[in-house]
Amino acid sequence: MDIIKKKIGIVGGGQLGKMMILEAKRLGFFVAVLDPSEDCPAHSVCDLLIVGDLKDPKGYYELSKHVDVITYEWENINASTLESLENEGHVIYPSVKTLKTVQNKKLQKTALFTNNIPVPRFSPVAGINEIQEYGKPGNFGYPLMLKTTTGGYDGKGNALIRNAGEIETAYIQLGSGQKELMVEEYINFTKEISILACRGIDGKKVIYPVAENTHENSILDTTVVPADIDSATSEKATDIANKVMTVFEGVGTFCVEMFVTGPGDIFVNEVAPRPHNSGHYTIEGCFANQFENHIRAIAGLPFGDTNMMIPAVVMINLLGVSDGTARLLGLEKAYLDPYVHVHLYGKSKSKKGRKMEHFTVVGATVEDTTRRARDLKSILRIIGE
Ligand SMILES: Nc1ncnc2c1ncn2[C@@H]1O[C@H](COP(=O)(O)OP(=O)(O)O)[C@@H](O)[C@H]1O
Ligand SMILES: [Mg+2]
């Protein structure tokens, strides 16, 4: 088949889907999207929007009728329907086997651990008594992380337990055992970093520079590139990301989130089988961005270069300040700095804490770029009216 005529289907039409489409359209691919919302961010840029619940098989079957290859912007989707489609001969990247492993944090960490990739110690737990056992000195101890194995994002499936007295609240917060739970040793990290990596159908890989991430209330707030780590740590992290891509045999862009400790140890926190918020910096920062390489990967095309085009990039997420019809404030003022790019996702409704947009600033040094980005954070705001 003529590669450009290839039709791409994306499960999920949020901002990640939208940014994938913008790259796919550059090459003229037809793109269909499945999303529950008629005015999802992708709706304005896709060729076909199928409105359907992401749990319901119906939309997936409809999507599959229109496309040659299916990908996804989000991992909390209906893997068993995708599996049936794959068994019927539909092409899905990353594969459903990869998706099923990655979408469950226990299976994901087990796969990493058995392949000698460093992860925090972890264990599935059935109830409060077992959590108590893991909190004891000599075991994982406190603080202890409790996580749902599936469905978590932006910290929503996690609870930090600081002492035995907090176990019950954490257990109730995460659904009182309705969902499968696991505990994890708490890593007293000095930095959180992530690496985007992309693997082709032929197994060839490209790896992006290390990004340094700061979270606020478990939601990514800032990404700074290059990360403030020494070259040995950077090489170690890159090596780990490379190995992760081999373990999952993923096709497409993946994100590997890692913790770095004081002595320079690295632990993989989690892997996302898709482009990631912490890779948005690649749009203005790198020769070929994470979305472009994802599209190239699933279309069987060679990759674009992942190196930085400029010395420093800072990305900041902007969350809705209040609820209501979304209104962006401060754009004219922000654009007085010609090295600023604002990415509005096109969500018509603002909600307090909802990811509405991000912006990047590029510059000659991390210090100067970070300062300019910080100044903008108070100028650019999305409010609800
Ligand atoms: N074992 C851990 N030790 C220390 N901090 C952790 C641990 N696990 C998660 N965190 C913190 O919580 C954040 C969200 O956790 P993560 O498992 O990545 O959940 P999500 O799927 O919601 O992104 C991490 O970015 C990190 O800041
Ligand atoms: Mg995470």
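Each value in this text was obtained by applying a stated rule to the coordinates, not by laboratory testing. Since the structure is predicted, the reported quantities are computational estimates derived from the model, not experimental observations. So basically every Cβ, Gly included, is an ideal-geometry build from the backbone, and we count neighbours across all protein chains shown.
Observations, loosely collected:
- Per-residue HN-Hα couplings for the range 195-201 [Karplus 6.51, -1.76, 1.60; θ = phi - 60°; Hz; x = Gly/Pro]: 10, 8, 9, 9, 10, x, 4
- In this simple spin-label approximation, residue 364 and residue 55 carry label points 7 Å from Cα along the Cα→Cβ vector, and these lie 5.5 nm apart.
- Pairs of lysines in the range 56-154 (C-alpha under 28 Å apart; 8 or more residues apart or interchain): 18
- Summing Cβ point charges (Lys, Arg +1; Asp, Glu -1) relative to the Cα centre of the range 259-385 gives a dipole of roughly 600 debye.
- Fraction of antiparallel bridges per DSSP, the chain only, in percent to nearest 5: 80 percent
- All Cα-Cα distances of the chain, cut into 10 Å bins from zero to the largest, leave 5, 22, 32, 28, 11, 1, 0 percent in each bin in turn.
- Spin-label model distance (nm) - residue 374 vs residue 201, 7 Å beyond Cα toward Cβ: 4.8 nm
- The residue 100 and residue 352 beta-carbon pair, evaluated with R₀ = 45 Å, returns a calculated FRET efficiency of approximately 0.85.
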